[in-house]
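Structure, as structure tokens:
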Amino acid sequence: MIQFNIAVCDDDKSIQSFIESTVTAYAKDNGVMVNVDSFRSGEEICRSLDEGYVPDLLFLDIKMKHINGVKVGEYIRFKLKNNLVQIVYISSYDEYVKQLFAIRPMNFLEKPLTEAMIVAQLKTAFELFDINNGTFSYAKNREVYKVPIKDILYFEGENREV
């Protein structure tokens with residue numbers, strides 16, 4: 001079974017916990033393997049991204065100190081050149097919506113969040129990544145590639161490379 005990596009970046013611990021528990025419960029009820037990682041700041045997630053961390057889905061707060069969610073999205077799309085990470089922005093303020101078009105987020109959720117809002121994003125992300133049919137992900141030169149498992153005939157290894 002394929003594991004789906006989900007990141008939550010919000011400086012509000014209660015919102016982080018709410019998203020984590022909703023994701024975990026939905027995944028358990030639907031037989032999906034997920035790994036949920038939480039980050040308290042834009043700086044923290046950018047450091048992890050620099051170290052090679054690549055989520056499939058990112059719930060990202062906009063209003064954070066220092067590096068806000070818009071800057072994190074720009075970092076992912078333009079510096080790391082990653083267009084596969086699905087970003088769901090969350091905020092109490094809708095004034096940022098126009099700024100987000102260049103980042104191409106999957107969605108924008110207005111606080112307060114509900115379980116139904118989070119579950120709808122999970123369903124969409126799983127559909128986009130075709131989680132039920134499975135994909136094999138690999139990274140090469142800081143780019144993440146996904147190949148449908150049905151298209152893989154075999155893996156070959158040579159000199160510690162696959």
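Applied to region 80-87, the Karplus parametrisation 6.51 cos²θ - 1.76 cosθ + 1.60 on θ = phi - 60° returns per-residue 3J(HN,Hα) values of 7, 6, 9, 9, 8, 4, 8, 9 Hz, with x for Gly and Pro.
Strictly over 23 Å apart at the Cα level, which of LYS71/LYS111; LYS71/LYS98; LYS79/LYS146; LYS98/LYS123; LYS13/LYS98 would you flag in this model? Intermediate results must be reported in sequence, preceding the final value.
On the way: LYS71/LYS111 20 Å; LYS71/LYS98 14 Å; LYS79/LYS146 20 Å; LYS98/LYS123 25 Å; LYS13/LYS98 27 Å.
Check vs 23 Å cut-off fails for LYS98/LYS123; LYS13/LYS98.
Rounded, prolate or oblate: which fits region 40-162, taking a ≥ b ≥ c as square roots of the Cα gyration tensor eigenvalues, rounded meaning a/c under 1.5, else prolate when a/b beats b/c? Oblate, because a/c is 1.5 or more while a/b does not exceed b/c. Under a 5 Å amide H cut-off, with hydrogens placed 1.01 Å from N, ASN5 pairs with ASN35, ASP56, LEU57 among residues at least 5 apart or on other chains.
I need the shape label for region 5-94. Rule: rounded when a/c is under 1.5, else prolate if a/b > b/c, else oblate, with a, b, c from the alpha carbon gyration tensor.
It comes out oblate by the Cα gyration axes.
Across ASP29, ASP94, ASP61, mean-square fluctuation computed from a Gaussian network of the chain (C-alpha pairs under 10 Å connected) peaks at ASP29.
Surface exposure of the chain, expressed per residue as accessible area with a 1.4 Å probe, stands at 59 Å². Among ASP151, ASP11, ASP50, the largest mean-square fluctuation in a Gaussian network model of the chain (Cα springs under 10 Å) belongs to ASP151. Each residue of region 54-61 was assigned a 3J(HN,Hα) from its phi angle through the Karplus curve 6.51 cos²θ - 1.76 cosθ + 1.60 (θ = phi - 60°); the sequence is 9, x, 7, 9, 10, 8, 10, 6 Hz, with glycine and proline shown as x.
Mean Kyte-Doolittle of at least -0.5 and a Cα length of 24 Å or more along the axis: which whole DSSP H helices of the chain meet both?
The answer, listed by residue number, is 13-30.
Can you bin region 76-131 into rounded, prolate or oblate? Criterion: square roots of the alpha carbon gyration tensor eigenvalues sorted a ≥ b ≥ c, rounded for a/c under 1.5, prolate for a/b above b/c, oblate for the rest.
oblate
Only helices enter the 222 nm calculation for the chain: every DSSP H run of n ≥ 4 contributes -39,500 (n - 2.57), and dividing by all residues gives -9000 deg cm²/dmol, rounded to 500.
When you restrict to C-alpha pairs under 8 Å that are six or more residues apart and normalise by the size of the chain, the relative contact order lands at 20 percent.
With contacts taken as Cα pairs under 8 Å at a separation of at least 6 residues, region 11-107 carries a relative contact order of 24 percent.
Note on PHE101: accessible area is roughly 150 Å² with a 1.4 Å probe, heavy atoms of protein only.
The values are calculated or read from the model by the stated rules, or taken from the named source; none is laboratory data. All values reported here derive from a predicted model rather than from experimental measurement. Side chains are part of the model used for accessible areas, which takes the heavy atoms of the whole protein and leaves out ligands, DNA and RNA. Shrake-Rupley method; radii C 1.70, N 1.55, O 1.52, S 1.80 Å.
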